[in-house]
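The next block holds one structure in the form of structure tokens; read it before the comments.
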Amino acid sequence: MLKVGLVGVGGISAAHIPAWEAMEDAELVALCDIRSEKLSQYAGKHLYTDFDEMLEKEDFDILDICLPTFLHVEHAMKAMQRGIHVVCEKPISLHEEDVEKVYACARENGVKFMVAQVLRFMPEYDLLKQIADSGRYGRLLSGFMARLGGIPKWSWDNWMADEERSGLVPFDLHIHDLDFLVYTFGSPKKLTTHRSKRPEQDYLHMVYEYDDFFVSAEASWYASPYPFTAAYRFQFEHAIVALEKGKCVIYEDNDRVIDMSKEPEALEGIRLVGSDGYANELQYFAECVKEDKPVDKVKPEELSCVLKYLLQI
Ligand SMILES: NC(=O)c1ccc[n+]([C@@H]2O[C@H](COP(=O)([O-])OP(=O)(O)OC[C@H]3O[C@@H](n4cnc5c(N)ncnc54)[C@H](O)[C@@H]3O)[C@@H](O)[C@H]2O)c1
């Protein structure tokens, strides 16, 4: 049974904690947050308000980092130096040089490290990757990705609104879509950006150019409570593959329309992964640790490429 500790019991931990609790061969034993009120609902676990004390007193195999972005590297390295495997929320850092620093630390201490880039583990996006990899609809001609919403107002100490600590929309939100592009299609050749950035709202429009196709992307933290929207539309030679209004639909050029939510097995050779991307990513990492397999689904060179482009926005 793998023992797991988690630090940062804020917004995203609400997706990680149930995933660990539901996992068969892992046990979430300890939680840490500087705000003791965040811990009160977890009586029965070992609870800490001081990370160093948790590391000193506990003996777990995996640390799950759900801390604000600017704290990721420091906490990951402290744990890895004690021989603990680390899975960390995105982004790894706002600084490209940290990628090598963190992976070198993992190598030196003989532990595994993964940044939890959740889109890679979500069925809607995994479907798109499987379709692109299979070539079943011919060449890709163009793509569109969107990740929109209102400015977050819930974060601890309002760290998300602070560019030095969160990197704002590029590093906090758009990173998901760019990471998926790099994972699926490799490094873009060129980026053109437009941005409307004010203290109370931020909107970005990007065009990533590849050799023979381009992908445009939008991301926002609007000042008004615009509903959270994640969408894509990819135009292949023989089909459009779209995620719109929460549904994956394939529009084939023979006029067949496949709603993947109703016909999940419609495409031969394509299998949808489980619906909870957070559970999938943590399960994947736990399996890599348990079976001592390389964590090759998220590669350091991909993370570096993503940070390099985000720094240009
Ligand atoms: N993958 C996703 O879909 C997704 C979604 C949201 C956030 N995130 C990422 O998750 C991370 C956390 O974001 P969030 O929305 O949960 O933020 P949050 O502010 O809601 O939670 C962060 C928590 O960390 C605690 N904390 C701060 N400093 C600490 C310290 N030194 N020791 C212990 N606890 C400390 C805070 O009290 C807070 O409870 C960020 O890196 C963010 O980019 C990922």
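The values are calculated or read from the model by the stated rules, or taken from the named source; none is laboratory data. These numbers were taken from a predicted model, which means no experiment stands behind them. With ideal geometry, Cβ positions are generated from the backbone for all residues, glycine too; neighbour counts draw on all protein chains shown.
Taking the numbered list (1) in contact with a Phe, Trp or Tyr (Cβ under 8 Å, 6 or more places away or on another chain); (2) farther than 20 Å from residue 146 by Cα in turn, residue 208 passes all entries but (2). Return yes or no: is residue 168 touching a residue at least 40 places away in the same chain (Cβ under 8 Å) and at positive phi? Judged against the criteria, residue 168 is a match. Here the strands (runs of 3 or more DSSP E) wholly within the stretch 201-313 that include at least 2 residues being in contact (Cβ under 8 Å) with a residue 24 or more places away in the chain are 201-209, 214-221, 229-236, 239-244, 247-252. Considering the stretch 255-309 alone, what residues qualify as being in contact with a strand residue (DSSP E or B) (Cβ under 6 Å, 6 or more places away or on another chain) and at pLDDT below 95? Within the stretch 255-309, 260, 261, 266 meet the criteria.
Residue 122 falls short on exactly one of the conditions (1) closer than 24 Å to residue 290 by Cα; (2) more than 11 Å from the ligand (Cβ to nearest atom); (3) under 17 Å from the mean Cα position of the chain (by Cα), and that condition is (2).
Residues that are loosely packed, with under 15 Cβ neighbours inside 10 Å, outside the structural domain of residue 94 (by TED's automatic domain parsing) and within 26 Å of residue 114 (Cβ to Cβ) do occur in the stretch 167-188. Being surrounded by fewer than 17 Cβ atoms within 10 Å (Cβ to Cβ) and of a type outside the set (Lys, Arg) is the filter; apply it to the stretch 241-257 and report the residue that is nearest to residue 89 (Cα to Cα). So, considering only residues that are surrounded by fewer than 17 Cβ atoms within 10 Å (Cβ to Cβ) and of a type outside the set (Lys, Arg), the one nearest to residue 89 (Cα to Cα) is 246. Being in contact with a helix residue (DSSP H, G or I) (Cβ under 7 Å, 6 or more places away or on another chain), more than 11 Å from the ligand (Cβ to nearest atom) and either among the charged types (D, E, K, R) or more than 25 Å from residue 35 (Cα to Cα) (or both) holds for only one residue in 182, 169, 207, and it is 182.
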